[in-house]
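Novice: Just passing along the structure, written as structure tokens.
The values are calculated or read from the model by the stated rules, or taken from the named source; none is laboratory data. Not measured: the values here are computed from a predicted model. Cβ sites come from the backbone with ideal geometry, for glycine too, and all protein chains shown count toward neighbours.
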Amino acid sequence: MRIMIFGNQGQLRAAHFAAVLWACCLSAGPGYSSAVAQQEKKAIQAKAPARKEAGPAPVAPLPKPTEDAQPAQVRKPNLVLIIADDQSWTDFGFMGHPLVKTPAIDALAAKSARFTNGYVPTSLCRASLATLLTGQYAHEHMICFNDPPKGFSRDSVHPFIARSPALPRILATAGYRSFQTGKFWEGHYANAGFTDGMTVKGRHGDTGLTIGRTSMEPIAKFLDDSAGSPFFLWYAPMLPHTPHNPPQKYLDAFADKGLDKATQAYYATIRWFDDSVAELLKMLEDRKLTENTAILFIVDNGWAVPQAGERSAYGVKSKNSPFDGGLRTPVLLSWPGHTEAKDHEDLVSSLDVVPTLLDIAGLSYVARSLQGMSLLNVSTGRSPKLPRDRIFGELFLHTATKLGEPEIDTTYRWIRRGDWKLILPTEVAAKSAVEPVGGDPLNRIINPTKGPFLYDLKNDPHETKNLADDPTKAGVIAELGEALRQWAKNR
Ligand SMILES: [Ca+2]
């Protein structure tokens, strides 16, 4: 679709932006048209499980771009998104961990803009990854769960991503090839607009989950095949996620540290993951791609070894919890010749990843339609800081009880403003702490639910002292609580 009636660059950009939005709205993407979204919800809820997980869900193709955002002689930068799976924000060498060394990620950090106050809005794997694909909150992309309600086939929820303005789909309109490896919960990779990928079916990655653990060869092949085209690489290996079963040499590295077996295996799996990152970076270097490739690093959600007496396979205040052990992540951005190696105190969200990558690709006018903010200007030094002082998030049940109505399964909402963090549990959380809502044992809430919870993260970064009952903090709680209620209401 080439629109020639526009006479200047701004109008051409507007035409491309409108074309992208037009295609997304046409295919009923949540967040763009509430009326159409409501129809979509009803259609999905009414649909009986039918189609097998054989191929991509049907989706309308996007129009071709109306212009090239950069001068023709400038080769568009390649984009690599590295997503760690289930790793605490504390468990990196560059974050100061006393035992865990992550040489490859530390080296990347050493040359990156480093955002150490990073967060995912939802610490549940599938919802978090969908945010990294779409730049939307879970209540917008509607993938608020790891599993659909009982009675629904997995592919019955694939239209959520197939009809979203997912990053690979937008990049394709600007000439990017894209490759999905590792975790991907949305069926066939083409559902998110990837041009190439490893996952074609399954719960959360299928063949894609071999990346990093078994081989890195598919990435080498993609890099060789895509020579001449700008590319986007989704590297989301199931590492250092369980099973913590790394090769013996990694276990041996922690054998004399006085660790229990579970902690030793977790730390060793982090080293295994780090070596896979080293291999990826070397592949880029060997092909002389480093200079024209931007790399963004983030974790999808945190993880902690369960303590004695905890009922779960992971620490209570980690994965799928509203505490920083589940939500917080460092965010690294490196684009040689553009970004500066520097620490930043700004509050950043995984919502910022899509706008940042679109900005680097020269598609900032598309990025501006999203709620997140591009980190590029702060990373390059063109801006001193991001124009915001707060970020928000929301938690959900593991298994949805109903599709298309996120409110029903919301368990917590949270806000961080400056060093203050307020967490408000919902009635759903309180109920599911007693008897799992929807009858699914995976919906049992193991986190504390007798909130509110207020923490001063500057003096208490691990959220050990709830200040909600401190009468001197009543004003802060009221302010943050009102901001959170407004955020939940105005959407
Ligand atoms: Ca995860």
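Novice: Being away from the ligand (no atom under 16 Å from the Cβ) and aliphatic (A, V, I, L, M) narrows it down to one residue among Val277, Val305; which is it? Outline the logic, then answer.
Specialist: Numbers: Val305 fails: away from the ligand (no atom under 16 Å from the Cβ).
Result of the check over Val277, Val305: Val277.
Novice: Among the candidates Pro336, Pro330, Pro322, which residue alone is at pLDDT 95 or above, within 16 Å of the ligand (Cβ to nearest atom) and assigned to a loop (DSSP other than H, G, I, E, B)?
Specialist: Working: Pro336 fails: within 16 Å of the ligand (Cβ to nearest atom); Pro330 fails: assigned to a loop (DSSP other than H, G, I, E, B).
Unique residue meeting the criteria: Pro322.
Novice: Right, something else. Just to be sure I understand, how many residues within segment 73-96 are part of a loop (DSSP other than H, G, I, E, B) and either within 16 Å of the ligand (Cβ to nearest atom) or out of contact with any Phe, Trp or Tyr (no Cβ under 9 Å at 6 or more places or on another chain) (or both)? Spell out the reasoning first.
Specialist: Restricting attention to segment 73-96, the residues satisfying the condition of being part of a loop (DSSP other than H, G, I, E, B) are 73-77, 85-96.
Still in the running and either within 16 Å of the ligand (Cβ to nearest atom) or out of contact with any Phe, Trp or Tyr (no Cβ under 9 Å at 6 or more places or on another chain) (or both): 73-75, 85-94, 96.
Residues that pass the stated criteria total 14.
Novice: Tell me, which helices (runs of 4 or more DSSP H) wholly within segment 107-218 include 3 or more residues that are under 19 Å from Leu79 (Cβ atoms)?
Specialist: On the way: elements: 125-134, 138-141, 159-162, 167-173.
Result: 125-134, 167-173.
Novice: Related question: Any residue in segment 70-89 that is modelled with pLDDT under 95 and among the hydroxyl-bearing types (Ser, Thr, Tyr) sitting within a Cβ distance under 8 Å of a residue that is away from the ligand (no atom under 12 Å from the Cβ) and not in a loop (DSSP other than H, G, I, E, B)? List the pairs, counting only those 6 or more apart or interchain.
Specialist: none
Novice: Quick one: which residue in Lys261, Lys257, Lys317 is at negative phi and in contact with a Gly (Cβ under 9 Å, 6 or more places away or on another chain)? Steps first, answer last, please.
Specialist: Values: Lys261 fails: in contact with a Gly (Cβ under 9 Å, 6 or more places away or on another chain); Lys257 fails: in contact with a Gly (Cβ under 9 Å, 6 or more places away or on another chain).
One residue alone meets the criteria, Lys317.
Novice: For a quick check of your reading: which strands (runs of 3 or more DSSP E) sit entirely within segment 340-424 and have at least 1 residues that are among the aliphatic types (A, V, I, L, M)? Walk me through how you get there before you give the answer.
Specialist: Values: elements: 342-344, 390-396, 410-417.
Ranges flagged: 390-396, 410-417.
Novice: Polar (S, T, N, Q), more than 16 Å from the ligand (Cβ to nearest atom), in contact with a Pro (Cβ under 8 Å, 6 or more places away or on another chain) and under 24 Å from Trp303 (Cα atoms), is that true of Gln136? Walk me through how you get there before you give the answer.
Specialist: Values: polar (S, T, N, Q): yes; more than 16 Å from the ligand (Cβ to nearest atom): yes; in contact with a Pro (Cβ under 8 Å, 6 or more places away or on another chain): yes; under 24 Å from Trp303 (Cα atoms): yes.
For Gln136, the condition - polar (S, T, N, Q), more than 16 Å from the ligand (Cβ to nearest atom), in contact with a Pro (Cβ under 8 Å, 6 or more places away or on another chain) and under 24 Å from Trp303 (Cα atoms) - is met.
Novice: Does Lys317 satisfy being within 16 Å of the ligand (Cβ to nearest atom) and charged (D, E, K, R)?
Specialist: Answer is yes for this residue.
Novice: Is it true that Glu310 is more than 21 Å from the chain's Cα centre (by Cα) and farther than 30 Å from Lys221 by Cα? Show your work before the answer.
Specialist: Numbers: more than 21 Å from the chain's Cα centre (by Cα): yes; farther than 30 Å from Lys221 by Cα: yes.
Yes.
Novice: Now for a separate question. Only one residue in Asp440, Asp409 is more than 22 Å from Phe115 (Cβ to Cβ), touching a Phe, Trp or Tyr at 6+ places or on another chain (Cβ under 6 Å) and not β-branched (Val, Ile, Thr), so which one is that? Show your work before the answer.
Specialist: Numbers: Asp440 fails: touching a Phe, Trp or Tyr at 6+ places or on another chain (Cβ under 6 Å).
After applying the criteria, what remains is Asp409.
Novice: Is there any pair linking a residue in segment 294-315 that is in a loop (DSSP other than H, G, I, E, B) to one that is of a type in the set (D, E, K, R) and within 11 Å of the ligand (Cβ to nearest atom), with Cβ under 6 Å and at least six apart or on different chains, and which?
Specialist: Asp300/Asp85; Asn301/Lys319; Trp303/Asp86; Trp303/Lys319
Novice: Let me ask something additional. Taking the residues in segment 156-194 that are touching a strand residue (DSSP E or B) at 6+ places or on another chain (Cβ under 8 Å) and among the charged types (D, E, K, R) as candidates, determine which candidate is nearest to the ligand (Cβ to nearest atom).
Specialist: Result: Lys183.
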